[in-house]
Each structure stands twice: as C-alpha cells, then as structure tokens.
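Asker: The structure under discussion is supplied below as structure tokens; questions concerning it will follow.
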Amino acid sequence: MTYSVEAFVSDVDDVLEAMGETMESVWAIGPMLQRLVVQGGDLTIQGEASSGSSGLPGRVLHVDPESRFRLVVARFASAQPTPVHSHRRWGLECGISGRERFTVWTRTGDGPDSGMRVFSDHHIQRGDLGFWYDAPRNIHRQWAEGGEPSCVVILLGGDGAREHLFDPATGAYTHA
C-alpha cells in the first residue's frame, strides 16, 4: 500500500482548506480517489463494517470530525437499482470492482412538483469516477450490471445522509 486512507484524508483536508467546499475542489479530489483505489490496498476490508443502504455489507473508512465528509465502501446488487434519492451535499465515487450504472438527475424547477431530467447517465468500472453535485443536481441512483455486485468507494459531503426519495416520472419526493 503506497497511498493510505490516512494520506487520502490528509490530502482532502488540504484541498478543502485551500479551495473550500466547491465543485472545483470535488473535481480536484477525483484523481486522489482514483489513486486510493489503485494504491490503497484492499479497501473492502479496511475501516469499520457497516450495513450499506443497498442491503449489502459496506465499510466506513473515515468520518471527518468536523462533519465535512465521510468516506465509505459500498456494494450494489446486480439488476437492483437503489431508490432515486438525494444526499444533502455533493459526492463522488470511484469504481473498485464490477460494473455499475450511475444516473444523475436535476430538478427542472424549484417547487415540490417540479419535474426532473437526466443530467448524466454512464457506467462506472474500476478506476472510473462518478459525481453528484449540491442541489439541484444531487439526485441519483446506482446499481450493478452484469450479474455480479459492483463495489465503489464513495466520498460523501457532509454526513452523507440521504435527504429525499424521488419518483423520476413525476419529480415528486418524500423525505428519506
């Protein structure tokens, strides 16, 4: 292991200190997350075990003491999409294994009845990055394709909690 979780967290601290919590800083962290996947050893056995929101086991690698971010490993089942959901803040993920479909939506208006449109829709494999942004581009879902679970490392802004669950056909949402 040549780039540890601790070194990654230190680098994230440096970027956030220098640039603040902007999308530019999140983009700057992307290559560091890719480096962590390649050089960080087996992330799926590091940190603390957790029960992931997908129903598959995950890991908590780091929780920032100032609640600026958390770093987790998550697994997603094949052909079982997560609910379309949002988090309170930005996030980025990097593929560890498997193939994941990752779709991000944006709201087309401000009210609770405003619609949604796809902002990005792509696949993530080992080393690929996926981003979601602060509202209104923080709505997404993911799932594995190809018969095997996917595994990703995710850097979540804030506490990482889900905020809303959405119906992509109508744009209606409920609190998560």
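Asker: In whole Hz, with x marking every Gly and Pro, tabulate ³J(HN,Hα) for the range 169-175 from phi via Karplus 6.51 cos²θ - 1.76 cosθ + 1.60, θ = phi - 60°.
Answerer: 6, 10, x, 5, 9, 10, 6
Asker: Now for a different question. Let me know the Kirkwood hydrodynamic radius for the range 1-102, please, with Cα pairs as the basis and the value in Å to one decimal.
Answerer: 14.6 Å
Asker: Could you give the nm distance between label points at Glu145 and His122, where each point is 7 Å from its Cα heading toward the beta carbon?
Answerer: Placing both labels 7 Å beyond Cα along the Cβ direction yields 1.4 nm.
Asker: In deg cm²/dmol and to the nearest 500, what is the mean residue ellipticity at 222 nm of the chain if only DSSP H runs of at least 4 residues count, each as -39500 (n - 2.57), divided by the residue total?
Answerer: Helix contribution divided over all residues of the chain: -6000 deg cm²/dmol.
Asker: I've got another one for you. Using just the Cα positions, wrap the range 73-161 in a convex hull and report its mean projected area in square nanometres, one decimal place.
Answerer: Here the figure is 5.4 nm², rounded to one decimal.
Asker: List, in order, the whole-Hz ³J(HN,Hα) value for each residue of the range 82-92 obtained from phi through the Karplus relation with A = 6.51, B = -1.76, C = 1.60 and θ = phi - 60°; use x for Gly and Pro.
Answerer: 5, x, 5, 8, 10, 10, 5, 9, 5, x, 8
Asker: Using every alpha carbon pair in the chain, what percent of pairs falls into each 5 Å bin from 0 up to the bin containing the largest distance?
Answerer: 2, 9, 17, 22, 21, 16, 9, 3, 1, 0
Asker: Going by alpha carbons, how many degrees (0 to 90, nearest 10) lie between the helix axis of 23-39 and the longest principal axis of the chain?
Answerer: Tilt relative to the chain: about 50 degrees.
Asker: Sequence gap at least 6, Cα distance under 8 Å: using those rules, report the relative contact order of the chain to the nearest whole percent.
Answerer: 25 percent
Asker: With +1 on the Cβ of every Lys and Arg and -1 on the Cβ of every Asp and Glu, and nothing else charged, how large is the dipole of the chain about its Cα centre, in debye rounded to the nearest 20?
Answerer: Here the size comes out at about 520 debye.
Where a number appears in this text, it was derived from the coordinates with a stated rule and is not lab data. Because the structure is predicted, anything quoted here is derived from the model rather than measured. Glycine also receives a Cβ, built like all others from the backbone with ideal geometry; neighbour counts cover every protein chain displayed.
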